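To start, the structure under review is shown below, and the notes come after it.
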Amino acid sequence: MTTAAILLLVLAAEPSAKPAPAAASMTERQKTLYAVGASAADSFKVFDLKPEEVAVVGRGLSDALLGKPLAVDMKVYKPKVSELAASSYGDRSRDALAHFAKEKGAVTSATGLIFISAREGTGAAPKADDTVKVEYEGKLPDGTAVDASRRQGGPTSLSLGSVIPCLREGLQKMKVGGMARLVCPPSLAYGESGKPPSIPPRTALIFDVELISVEAPR
């Protein structure tokens with residue numbers, strides 16, 4: 001988040017701040033700054049803040065930016081910020097896994113992978129050491145796209161020996177020509193640490209995959 005976005009959030013949450021002017025009376029600069037604040041809100045959504053908690057966040061930001069004495073020992077509580085975020089991502093992931101596990105046709109494997117077939121293939125099924133050509137899109141539980149084959153110009157070749165466990169297991173359940181949704185628990189994706197900056201810690205991933213071919217060994 002930018003310094004400007006943080007400052008705007010402070011001004012919005014600080015009780016002593018003047019109320020923001022109505023949109024009709026805003027200057028272009030004020031409208032742009034308002035947009036900065038609206039954009040900054042995305043950075044806080046993971047915490048699922050209640051109105052009174054927004055005010056607490058605002059107080060902390062205001063005290064820090066204005067050089068006031070802080071109400072907590074940051075050596076103790078700064079590490080807890082990351083833990084709170086990770087816990088929130090974990091909660092969202094568990095909710096997502098529970099949701100997808102109830103979808104029609106969903107099959108949950110012993111590892112926790114949820115496999116939902118969208119179209120059965122009729123070709124060969126890949127083995128664990130094969131290279132495959134696929135079209136795919138990967139998303140976070142909130143729908144944010146984190147990767148897609150189209151970003152690389154189209155169908156992508158993947159070596160099953162080098163992909164995350166979820167893709168390795170899920171693609172072996174498919175046949176050429178098939179399409180499926182692979183819902184990956186964190187343990188089969190990027191685990192406790194995530195993959196900054198695009199994949200947070202303890203986050204489930206959802207892949208929509210089409211298996212185009214199993215490539216011949218090179």
Exposed-site-free run, longest, the chain (rule: GluC sites (Glu not before Pro); DSSP loop; at most 16 other C-beta within 10 Å): 1-102
Spelling out what I want: for every residue of segment 68-82, take phi, set θ = phi - 60°, compute 6.51 cos²θ - 1.76 cosθ + 1.60 (Karplus), and round to whole Hz; glycine and proline get x. 7, x, 7, 7, 10, 7, 5, 5, 8, 9, 4, x, 6, 5, 5
Inter-site label distance for THR122 and MET74 at 7 Å from Cα along Cβ, in nm: 6.5 nm
May I ask for the net charge around VAL46, where only other residues with Cβ less than 15 Å from the Cβ of VAL46 are counted and Lys, Arg are +1 while Asp, Glu are -1? -1
How much net charge surrounds PHE100 when only other residues with a Cβ under 13 Å from its Cβ are counted (Lys, Arg +1; Asp, Glu -1)? +3
How are the C-alpha pair distances of the chain spread across 10 Å bins, as whole percents from the shortest bin up? 7, 26, 25, 18, 15, 8, 1
Pseudo-spin-label distance ARG94 to ARG150, built 7 Å along Cα→Cβ, given in nm, is 3.5 nm
Distance between the C-alpha centers of segment 79-101 and segment 133-159? Whole Å please. 22 Å
Once phi for every residue in segment 133-147 is put through the Karplus expression 6.51 cos²θ - 1.76 cosθ + 1.60 (θ = phi - 60°), the whole-Hz ³J(HN,Hα) values, with Gly and Pro written as x, are 10, 9, 9, 8, 9, x, 9, 7, x, 8, x, 5, 6, 10, 6
For the pair PHE47 and LEU84, the simple spin-label estimate (label points 7 Å beyond Cα toward Cβ) gives in nm 0.5 nm
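Bear in mind these aren't lab numbers, they're just calculated from the coordinates by the rules spelled out. What you see is a predicted model, and the numbers here were worked out from it, not measured in a lab. A quick note on method: Cβ atoms are made from the backbone with ideal geometry, for glycine too, and the neighbour counts reach across all protein chains shown.
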